[in-house]
Structures are given as C-alpha cells and as structure tokens.
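A quick write-up on the structure given underneath.
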Amino acid sequence: MSGTSADGIDAALVRISGRPPVLTARLQAFATVPYPRTVREAVLRIAGGGATTAEEISQLNVLLGELFADALLQLCKRNRISPRRVRLIGSHGQTLFHQGAPAQFLNARRLASTLQLGDPSVIAQRTGIATVGDFRLADMAAAGQGAPLVPFVDYLLYRHPRLGRVALNIGGIANVTAIPPAARPEQVLAFDTGPGNMVLDALVRHFSRGRQQFDRDARLASAGSPCPALLEKLLAHPYFKQRPPKTCGREQFGREFTQRILTWGRRHRVACADLLCTAAALTARTILDALRRYVLPRSPIHQLIVSGGGAQNPLLLEMLRAGLQRFRPAATLQTSAQFGIPRDAKEAFSFAILAYETWHGRAANLPSATGAKRPVILGKICLVE
Ligand SMILES: Nc1ncnc2c1ncn2[C@@H]1O[C@H](COP(=O)(O)OP(=O)(O)O)[C@@H](O)[C@H]1O
Ligand SMILES: [Mg+2]
C-alpha cells in the first residue's frame with residue numbers, strides 16, 4: 001500500500017492461517033520502495049486538488065499498478081522467495097481522492113466516493129498472482145465512509161480479555177481504534193483524529209523548497225517551541241469537534257490548511273522551527289483530545305499501541321507520552337513492534353489480512369468503524385490463469 005504521505009510503496013509478506021476470531025498472521029518480510037520523485041510529485045499535486053486530465057489519471061493508474069507489482073517482486077527477490085509461493089496480493093493502491101460523507105453532485109444526488117490508483121489487473125498480470133484491490137467502495141456502497149478499514153485487523157490482533165487497548169496509526173492522517181476489554185465487534189470505536197504527519201511534511205517541503213520530504217527524527221521541530229496562539233486557532237477547526245465515526249484527508253488538512261499556518265507565521269514573524277513544533281503539538285494534542293472526549297467515555301485505556309511513520313518521530317512520541325501521563329497515568333505507550341509488527345509495516349500487513357478475508361468470502365469491514373449499514377465483503381478480485 002501507499003498512504004496519504006505518498007512516500008513510497010509498503011510491501012509486506014505475511015503468512016496467514018485460520019479464520020476469525022482465531023486467525024494467525026506472521027510478518028515474513030517487509031520493504032518500503034520509494035516512489036520516483038516525479039511520481040510522488042504527481043500524486044501529491046493531483047491529490048492536493050491540482051489541475052489534471054483524464055489522460056494523466058488513466059496513465060498514472062497503470063503506472064502505479066506496475067510500480068506496485070515491481071515492489072512485490074523486489075520484496076520477493078531480496079528475501080529469496082519465489083513469487084510462485086505467494087498465493088494472494090492485497091493492494092490498497094494510492095488514494096487520490098476520498099470523500100467519506102455524501103455531498104450533492106451534479107444536482108443529481110448526494111454521493112460519497114473514493115479513488116485509489118494502481119490497477120489490480122495490472123498487478124495480477126505482472127506478478128502472476130491473484131490480486132484483491134479497491135477495498136473501500138463496497139463499504140461506501142453500503143452507506144459507510146469506506147474508512148477506516150484497519151480496525152477489523154486491530155480487533156483481531158489486539159483484543160484482550162481484561163485490557164482496554166487503543167491502536168494509534170500515525171500516517172499522513174492519524175487514526176485510532178479503541179478496543180474495550182473483551183469487546184464484541186460492534187463495541188470497537190475507530191476514527192481519524194486529524195493530521196498525523198501531513199502538515200509537518202508539507203511545512204518541511206515548503207521550507208526546504210522541496211529538498212527535504214520530512215523532518216527526520218524531528219531535528220528541526222525539536223529546536224522550536226509550540227506557538228500557543230496559533231495552536232488554539234488551528235484547534236478551532238470544526239473537524240476536531242465532530243463526533244465519530246469520521247474520516248479526513250488532504251481535503252481538510254492539505255494545502256489550504258498548511259497555507260493558513262504559513263500566512264499566520266509570516267504575519268507574526270514565527271520561526272520555521274516554531275511552526276514545525278506547533279504542527280507536531282497539533283497532531284499530539286488532537287490525538288489526546290480525541291482519546292479523552294470520544295474514547296474514554298466508552299472504554300478504559302490501559303495501552304496505547306503506536307504504529308505508522310509518525311511512530312518514528314521522537315518529538316511526537318514524547319508529546320504523546322507526556323499528555324497521556326497527565327490524564328491516564330497508569331496507561332502505557334508501546335509501539336506495534338512490541339506486538340511483532342514493525343511500526344512502518346502495520347498498514348501493509350493489515351491489507352494482507354483484509355485480502356485473505358475477501359478471498360475466503362468473508363466480510364471485513366467493521367460497521368461500528370465505517371458507519372456502514374452492514375458487514376460487506378471488501379474489494380475486487382483479479383484472477384490469473
Ligand atoms: N525517522 C523519522 N522521523 C520523523 N518522521 C518520520 C520518520 N520516519 C517516518 N516519518 C514520518 O512518517 C511519514 C510516513 O508515514 P507513513 O506511515 O508511511 O504514512 P502514510 O501511511 O500516510 O504513507 C513520513 O512522511 C514522515 O513524516
Ligand atoms: Mg507511507
């Protein structure tokens with residue numbers, strides 16, 4: 001898969017057996033294959049609402065299919081595993097657009113929609129392996145938001161008889177899955193909390209004139225301090241007060257949102273490090289607020305299990321740890337690595353499991369997470385001879 005950060009293709013090789021609720025999944029190998037620069041720029045431009053053509057989208061769909069297939073073949077090669085031994089591919093693709101809530105379209109009707117590129121037929125043909133793609137639309141056709149889908153996997157992996165656990169993934173967008181002790185599926189609460197790394201990355205790209213894609217180990221942001229007035233202003237965004245289920249993306253926290261920060265920074269002469277630190281504080285604060293407002297009333301929190309690229313950001317982790325300490329002193333903060341899934345592999349790992357469920361004809365959306373009317377089988381299967 002490739003997330004909203006569009007940093008590259010994550011490929012996970014997973015050995016899966018059994019069936020829910022007793023499903024066994026072990027990560028065998030993992031790699032992130034970076035996008036070529038031109039591809040990343042095209043994805044970010046189009047996903048950011050930039051001008052494009054039907055031709056560009058059509059070509060990009062096939063190009064990404066080829067790149068995703070290459071990523072799988074590379075992963076196999078590096079680990080000396082014959083692709084013939086891979087039974088099934090689950091490919092999330094690259095999201096270019098996602099609108100979870102219905103809105104009026106062409107004066108015809110109210111619609112929600114989503115578009116992931118990286119065509120699964122191309123992947124299946126290039127690799128010779130059956131491929132499941134387009135996971136989100138079935139859920140949306142059943143009146144769900146099409147996201148988040150990983151909570152189904154979180155539920156399988158993290159459900160505990162006595163502990164309340166929250167899985168937190170910090171990608172471009174940050175999302176949480178809260179699993180109360182001994183939860184039934186309908187008790188799982190999952191939603192996007194707001195920006196994860198998206199605003200941070202955009203600021204770094206701006207200040208480095210595109211030379212840096214992100215603030216490695218928060219070197220720049222750690223040198224700054226948060227700007228309280230700006231932080232308050234950003235926290236006033238209506239998304240944060242909306243009740244879950246809810247999803248967000250570049251549509252809310254993309255270019256325009258970053259532009260507001262930059263404008264404010266210029267007007268009040270705020271240093272770049274302080275703006276970055278404020279963006280980090282916004283991510284941490286909105287995650288913690290979401291836990292307090294929406295999760296705690298429904299579940300105790302004993303463990304917060306962090307994954308995603310943002311889980312490699314020491315400043316974010318420190319802010320989260322300090323905040324959690326203030327309102328849940330007994331709760332511990334861990335990374336998914338402590339559960340056998342490297343931080344950066346979690347999402348790709350999860351889509352392998354979702355594909356496995358589809359292959360076996362089982363529904364794998366959690367209506368409590370997506371808002372769908374019913375459980376549905378996700379995706380489209382491209383078979384090979
Ligand atoms: N060492 C690191 N220090 C700080 N941030 C990091 C580090 N490694 C990854 N990241 C952040 O994680 C992002 C990628 O996260 P990822 O989980 O792949 O997001 P997505 O699912 O949106 O693609 C990078 O753009 C960067 O912001
Ligand atoms: Mg990524």
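Quick note: the coordinates plus some simple rules give every number you see, no bench work behind them. Since we're looking at a predicted model, the values are computed, not measured. Don't worry about glycine lacking a Cβ; one is built from the backbone with ideal geometry, like all the others, and counts go over all protein chains shown.
Stretched out straight at 0.36 nm per residue, the stretch from Arg267 to Arg209 would grow longer than its current Cα-Cα span by 18.9 nm. When Lys and Arg each count +1 and Asp and Glu each count -1, what net charge do the other residues less than 12 Å away from Thr335, Cβ to Cβ, add up to? Result for the neighbourhood of Thr335: +2.
A simple spin-label model places pseudo-atoms 7 Å from Cα toward Cβ; at Ile81 and Thr332 they are separated by 2.9 nm. Considering only Asn175, Asn61, Asn79, the Gaussian network model of the chain with Cα springs below 10 Å gives its largest mean-square fluctuation to Asn79. Near Val62, once Lys and Arg are set to +1 and Asp and Glu to -1 for all other residues with Cβ below 14 Å from its Cβ, the sum equals -4. The ranking of His360, His160 from fewest to most other beta carbons within 10 Å of each one's beta carbon is His360, His160. Among Ala236, Ala174, Ala101, the largest mean-square fluctuation in a Gaussian network model of the chain (Cα springs under 10 Å) belongs to Ala236. For Lys233, the aspartates and glutamates whose Cα falls under 19 Å of its own Cα, not counting residues fewer than eight places away in the same chain, are Glu251, Glu256, Asp274, Asp289. Using only side-chain charges placed at the Cβ, +1 for Lys and Arg and -1 for Asp and Glu, the dipole size of the chain relative to its Cα centre rounds to 780 debye.
Within the chain, the whole DSSP H helices whose Cα atoms reach 30 Å or more along their own axis and whose mean Kyte-Doolittle score is at least -0.5 are 54-78. Structure note, pairs Lys246/Lys346; Lys241/Lys346; Lys346/Lys380; Lys241/Lys373; Lys77/Lys246: Cα-Cα distances above 32 angstrom occur for Lys77/Lys246.
Of the residues Ser5, Ser208, the one with the fewest other Cβ atoms within 10 Å heads the list, and the complete ranking is Ser208, Ser5. Computed extension gain for Arg260 through Glu385, at 0.36 nm per residue and net of the alpha carbon distance, reaches 39.8 nm. Inter-label distance, Phe339 to Ile377: 2.8 nm, where each label sits 7 Å from its Cα along the C-beta direction. Net length available on complete extension from Gln104 to Gln242 is 47.7 nm, with 0.36 nm assigned per residue and the Cα-Cα distance removed. Shape analysis of the chain based on the Cα gyration tensor places the equivalent ellipsoid semi-axes at 30, 25, 21 Å, largest first. The simple Förster model, with R0 at 30 Å and r as the Cβ-Cβ distance, assigns Arg216 and Glu251 a FRET efficiency of 0.65.
Tell me, Arg219, Arg285, Arg85, Arg343 in order of fewest to most beta-carbon neighbours within 10 Å?
Lowest to highest Cβ neighbour count: Arg85, Arg219, Arg343, Arg285.
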